Every structure is written in structure tokens, then in C-alpha cells.
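Take a look at the structure set out below.
The values are calculated or read from the model by the stated rules, or taken from the named source; none is laboratory data. The structure displayed is predicted, hence computed values, not measured ones. Cβ sites come from the backbone with ideal geometry, for glycine too, and all protein chains shown count toward neighbours. Heads up: the accessible areas ignore ligands, DNA and RNA and are worked out on the full protein's heavy atoms, side chains in. Shrake-Rupley method; radii C 1.70, N 1.55, O 1.52, S 1.80 Å.
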Amino acid sequence: MTENQSRRSFLQNLGVGLGTTAAAFTVPSLVSIPESKSKYEGKKLGIALVGLGSYAKNQLAVGLEQTPNCYLAGIVTGTPSKAEEWMKKYNIPKKNVYNYQTFDQIADNKDIDIVYVVLPNSMHHEYVIRAAKAGKHVMCEKPMANTVKECQEMIKACKDAGVQLGVGYRMHFEPFTKEVIRMSREKVFGNVKFINSNFGFTIGDPTQWRLKKPMAGGGPLMDVGIYCVQGSRYITGKEPLAVTAQFGPITDPTRFKDVEESLSWQFDFPDAVTVNGFTSYKTNIEQLYITYEKGFVQLSPAYSYGPIKGRTSQGELNLPIVHHQANMLEAIAREFLETKMFPSHISGEEGLKDMKYLTAIYEAARTGKKIKLA
Ligand code: NAD
């Protein structure tokens with residue numbers, strides 16, 4: 001089974017639609033985006049996707065077909081047959097198609113406002129910096145890079161070039177997630193006391209880049225555990241003070257020669273809030289559970305493409321189901337058209353903070369020590 005098949009079948013088992021190629025999946029409508037004419041009409045932002053793999057093809061390109069204020073204007077790919085296929089499918093002119101050698105010429109292309117880097121993690125650093133040097137605003141997939149130093153260099157390159165940098169943290173725009181953030185901040189059930197956050201799936205193809213440390217930076221923590229780290233930060237609105245962590249056992253030495261198979265961690269947050277995190281490439285699991293002084297909230301699924309489901313100690317959460325990527329891209333486009341900036345909660349600085357916490361989790365697991373973060 002390939003990696004994509006494996007991710008897809010796991011999420012489908014959870015009742016989660018993953019892409020247009022799956023027969024049973026219908027793209028959720030953009031219910032959170034009003035259908036009335038946009039006030040920005042005529043100023044659609046042109047986005048170029050760099051790397052036409054699974055996420056670009058099945059999620060971002062599909063989302064960009066639904067966004068009133070941005071569209072798929074260009075592509076960057078090393079595979080000529082993909083270029084042909086995408087040009088036809090999305091009506092992309094040849095002048096907006098680049099490969100990895102010609103990429104820097106994108107500087108001269110007025111159709112492209114934002115370059116969106118959707119490559120394996122180790123390549124984010126190089127392509128974000130090249131995009132910034134070409135004078136383009138940049139979106140970068142999570143994790144922002146493989147190291148803290150790389151994230152710092154990416155932020156500096158974008159600052160020096162005077163361009164915006166954002167990380168593709170789609171949950172920040174998702175209605176259930178936004179509602180739980182609101183309930184936590186407004187203390188609907190009192191103060192947060194404890195968070196249990198986990199995300200894992202059964203990985204397929206043992207040869208894929210996600211299992212190679214130089215390309216992936218690490219294992220499931222870098223890939224999906226990052227959602228749990230993010231989750232604990234957006235729920236509390238605070239930064240962790242310290243972390244302990246433990247690697248799980250390796251049960252599959254063929255796949256896990258290079259990266260961890262699973263990992264558990266415990267964050268101490270301010271106000272005596274404890275966060276239990278777990279991530280795995282061998283366990284299908286996905287939950288954000290928050291205990292408050294006077295109740296609880298649970299999202300499960302909490303982080304995959306949806307439909308996200310939620311309940312609280314007072315009953316089911318009934319909220320719009322959206323296409324995550326369309327919803328995120330449209331929100332970013334509107335914010336940019338309005339303010340010339342990307343939303344601050346998905347900034348490069350936020351990506352850098354997460355990278356510091358991921359690095360600390362690995363250090364805690366390696367050393368067996370509690371790592372202080374503040
Ligand atoms: P993928 O393997 O399906 O696609 C990677 C693309 O990079 C392919 O088109 C491949 O041809 C290209 N590529 C160029 N040089 C390569 C090289 N040397 N080795 C391997 N591939 C190379 O991966 P994906 O699932 O699309 O993930 C891409 C990025 O998107 C990752 O950073 C991942 O973490 C992120 N992602 C984010 C989400 C999300 O929900 N936000 C979901 C999936 C993936």
C-alpha cells in the first residue's frame with residue numbers, strides 16, 4: 001500500500017473524506033464563505049503551487065477551485081507529464097509553469113502573488129528562501145522546516161525581501177476548532193485543567209520520504225504530532241513551560257530505521273495545566289480532549305480533513321462542515337487583500353515556535369530529562 005493509500009484508508013475508516021479521487025467523497029461546500037459578491041472582486045490573488053504531490057493535488061488545487069479571491073495561477077514541478085496534465089485541467093498558461101531549475105524566473109511573473117511550497121519538509125527551507133528572493137509572498141506547508149535554524153533563516157529571508165510568510169495551519173480557520181478556541185478563551189466551562197491530544201495513522205510504503213530523517217526531519221511528531229502541539233497552544237492561548245517525553249517501542253524495524261515509530265510527551269503549561277500528547281505511524285488515532293473546571297469538550301476527528309466532529313458536556317457541537325483548504329486559502333486571501341498581510345496566527349514566527357517545541361520534545365525523549373522551555 002502506498003503512503004497516500006494508507007493515509008486515505010485510515011481517514012476513510014474514521015469516516016473522513018480525503019480527496020476528490022475517492023468515489024464516496026464529495027467536496028464540502030464553502031458554507032462559511034458567503035455567496036454574495038465579494039468586495040474584493042477583480043483582485044483575485046494568483047497562487048503558484050510548488051510540488052504537485054498528494055496534498056497539492058487532492059487538497060490545495062481542489063480548494064483553489066472554490067475560492068472567490070484567489071486561484072491557481074501557476075505550478076512548479078519537476079515532472080513534465082504532470083505539467084501537461086495540470087495545464088489542461090486548470091487552464092494554466094505555459095508561461096506560468098516552472099521546473100525546479102527555472103523556478104527563480106517566477107520573479108518576473110506578474111500573475112503570481114503567492115508561492116505555496118508543498119514539497120517534502122527538507123525542501124521547504126530552500127524554496128521559501130528562493131521564493132522570497134524572487135519577491136513573492138510565501139505560504140509553506142507544515143512543519144515549516146526541519147530545524148529551528150532553518151526556520152529563522154526563512155523568516156529573515158522573507159523580512160529582508162519585504163514579503164509575507166505563512167504556514168499552512170488550516171485548523172486555525174476550521175469552524176469546530178475556532179469554536180473550541182472561543183469556548184476556552186471565554187471560559188464557557190471555566191479554566192482549562194487538562195488536555196489530551198493525539199494524532200497518528202498507519203503509514204504505508206516503507207520507501208517513502210516521510211520515513212527518511214534527512215527529508216522528513218523526524219517521524220510522526222514532525223508530520224502529525226505537530227497538530228497536537230499546535231492544538232495545546234491555540235486552546236490555552238499560552239506557551240508551554242517544560243516538557244518530558246518518551247519514544248515508544250519499535251515494532252516494525254523495516255519502516256522505523258531512521259525515525260521514531262511513536263512518541264508520547266507531557267507539557268507543563270501555565271496555571272498548572274497539563275497536556276498529554278501522543279503521535280504514531282502505527283496507531284490510527286485522532287482526538288483533542290479538553291477538561292475544564294466545569295465540563296469537557298472533545299473533537300474527534302480533530303485534525304484531519306474532516307468532517308470534524310465535536311461534543312461537549314452539554315451536548316453535540318453542530319457547526320458548518322467546510323473544505324479546510326478552500327476555507328484557509330480564502331481567509332488568507334481576504335486578509336491579504338484587506339491589510340497586505342497574512343493572518344498573524346499562521347506566521348513564520350508561529351512555525352518557528354512549534355519547531356522549538358518539537359525539537360524540545362525530541363531532546364526530552366532522547367535524554368529522559370525534563371526540558372525547560374521558559
Ligand atoms: P508527496 O510525497 O505526496 O508530494 C511531494 C511532492 O514533492 C511530489 O510532487 C514530489 O514529486 C515532489 N518532490 C520534489 N523533489 C522531491 C524529492 N527529492 N523527493 C520526494 N519528493 C520530491 O507529499 P505530500 O503529502 O503532498 O506532502 C508535501 C508537504 O505537505 C509536506 O511538508 C507535508 O507535511 C505537507 N502536508 C500537509 C498537510 C496538511 O493537512 N496541512 C497534509 C499533507 C501533507
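Observations on the model:
- Each residue, residue 110 and residue 126, gets one label point 7 Å from its Cα in the Cβ direction; the gap between the two is 3.2 nm.
- Karplus-derived 3J(HN,Hα) values for region 211-219, using 6.51 cos²θ - 1.76 cosθ + 1.60 with θ = phi - 60°, are 9, 10, 4, x, 8, 9, x, x, x Hz; glycine and proline are entered as x.
- Beta bridges by DSSP in the chain, antiparallel share as percent, to the nearest 5: 60
- The residue among 180, 368, 199 whose Cα reaches farthest toward the positive pole of the charge dipole of the chain, with charges on the beta-carbon of Lys, Arg, Asp and Glu, is 368.
- With the highest mean first, a sort of the peptides 318-324, 352-358 on other beta-carbon atoms found within 10 angstrom per residue produces 352-358, 318-324.
- Reachable lysines, given that their alpha-carbon falls under 26 Å from the alpha-carbon of residue 187 and they are not under 8 places away in the same chain: 178, 238, 294, 309, 353
- Over the residues of the chain, the helix contribution to mean residue ellipticity at 222 nm works out to -9000 deg cm²/dmol, using -39500 (n - 2.57) for each DSSP H run of at least 4.
- Probing with 1.4 Å while keeping every protein chain in the model, the per residue accessible area of region 216-258 equals 34 Å².
- Put 167, 148 in order of accessible area, highest first, and with a 1.4 Å probe you get 148, 167.
- Note: the chain, Cα convex hull, 140 Å³ per residue.
- At most 16 other Cβ within 10 Å, DSSP loop - trypsin sites (Lys or Arg not before Pro), region 129-201: 187
- Amide hydrogen proximity for residue 139: with H placed 1.01 Å from N in the peptide plane, the residues at 5 or more positions away or on another chain lying under 5 Å are 115, 116, 117, 166.
- Sequence-distant aspartates and glutamates (8 or more away, or on other chains) whose Cα lies within less than 14 Å of residue 213: 223, 258, 260, 261
- Remark: region 280-374 carries 44 Å² of accessible area per residue (probe radius 1.4 Å; ligands, DNA and RNA excluded).
- Rounded percent of accessible protein surface that carbon and sulfur make up, the chain, 1.4 Å probe: 52
- Full-extension gain in nm, residue 88 to residue 369, via 0.36 nm per residue minus C-alpha separation: 95.7 nm
- 0 to 90° range, to nearest 10: angle between helix 124-133 axis and the chain longest Cα axis: 40
- Partner lysines whose Cα lies under 26 Å from the Cα of residue 89, excluding those fewer than 8 positions away in the same chain, are identified as 37, 43, 44, 57, 110, 136.
- Restricting region 256-340 to GluC sites (Glu not before Pro) that sit in a DSSP loop and have at most 11 other Cβ atoms within 10 Å of their own Cβ leaves 293.
- Radius 14 Å from Cβ of residue 129, net charge of other residues (Lys, Arg +1; Asp, Glu -1): +1
- Region 322-333 - phi-based ³J(HN,Hα) in whole Hz, Karplus 6.51/-1.76/1.60, Gly and Pro as x: 10, 7, 4, 6, 4, 4, 5, 5, 5, 5, 5, 4
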